[in-house]
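J.: Pasting a structure here, questions to come.
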Amino acid sequence: MKISKGDIEFIRNTLMPWAGVEKLKLAYDSSRRKYPDIQIELDNIIPTITITDEWRRQNIHERRKRLVHEFLHIRGLEHNEAWGFSTYPDRDSYSVRVYREIIQ
């Protein structure tokens with residue numbers, strides 16, 4: 001898997017308990033596109049988060065903020081520009097706020 005041990009631990013020890021998730025699949029997409037660099041599939045019994053190399057190139061806090069974004073979808077949130085919960089990472093201030101609360 002092309003995801004760091006630290007990111008896996010953040011998912012397993014922080015995000016999964018926070019979101020009440022017992023099982024999660026992680027997948028890798030070798031696509032070279034810049035967007036989307038991370039996405040979640042909720043159609044299956046077990047949610048699946050797929051990452052790309054573009055996601056891996058981000059710094060630790062940006063990667064984890066984007067993971068928080070996907071876990072917010074698991075918790076039932078949909079994009080809402082009025083809240084700042086945007087599909088575009090550079091406009092996603094809501095996930096930044098939640099990430100900061102989680103890591104305090």
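What follows is calculated from the coordinates using simple rules that are stated; it is not laboratory data. Here the structure is a predicted model, which is why all the values come from computation and not from measurement. Every residue, glycine among them, receives a Cβ derived from its backbone with ideal geometry; neighbour counts consider all protein chains shown.
J.: Within region 37-46, which residues are touching a residue at least 24 places away in the same chain (Cβ under 8 Å) and out of contact with any strand residue (DSSP E or B) (no Cβ under 6 Å at 6 or more places or on another chain)?
T.: 37, 42
J.: Evaluate the following for residue 2: is it touching an Asp or Glu at 6+ places or on another chain (Cβ under 7 Å) and in a loop (DSSP other than H, G, I, E, B)?
T.: It is false that residue 2 is touching an Asp or Glu at 6+ places or on another chain (Cβ under 7 Å) and in a loop (DSSP other than H, G, I, E, B).
J.: Which pairs do you get when a residue that is surrounded by 15 or more Cβ atoms within 10 Å (Cβ to Cβ), found in region 48-65, comes within reach of a residue that is of a type in the set (Phe, Trp, Tyr) and not in a helix (DSSP H, G or I), reach meaning Cβ atoms under 8 angstrom, with the pair 6+ apart or on two chains?
T.: Going by the 8 Å Cβ cut-off, the qualifying pairs are 50/28; 51/28; 52/28; 54/35.
J.: With closer than 22 Å to residue 8 by Cα, surrounded by 16 or more Cβ atoms within 10 Å (Cβ to Cβ) and of a type in the set (Ser, Thr, Tyr) as the only criterion, which of 99, 94 stands out?
T.: One residue alone meets the criteria, 99.
J.: Residues that are touching a helix residue (DSSP H, G or I) at 6+ places or on another chain (Cβ under 9 Å), part of a helix (DSSP H, G or I), of a type in the set (A, V, I, L, M) and closer than 19 Å to residue 7 by Cβ: does region 38-49 have at least one?
T.: No, the conditions are met nowhere in region 38-49.
J.: Can I ask one more? Looking at region 38-47, which of its residues are over 18 Å from residue 15 (Cα atoms) and either polar (S, T, N, Q) or surrounded by 15 or more Cβ atoms within 10 Å (Cβ to Cβ) (or both)?
T.: 44
J.: Within region 5-37, which residues are closer than 13 Å to residue 70 by Cβ, assigned to a helix (DSSP H, G or I) and acidic (Asp, Glu)?
T.: Once the filter is applied, which keeps residues that are closer than 13 Å to residue 70 by Cβ, assigned to a helix (DSSP H, G or I) and acidic (Asp, Glu), region 5-37 yields only 7.
J.: If you don't mind, another one. Yes or no: residue 32 out of contact with any Pro (no Cβ under 6 Å at 6 or more places or on another chain) and either in contact (Cβ under 8 Å) with a residue 40 or more places away in the chain or among the acidic types (Asp, Glu) (or both)?
T.: Judged against the criteria, residue 32 is not a match.
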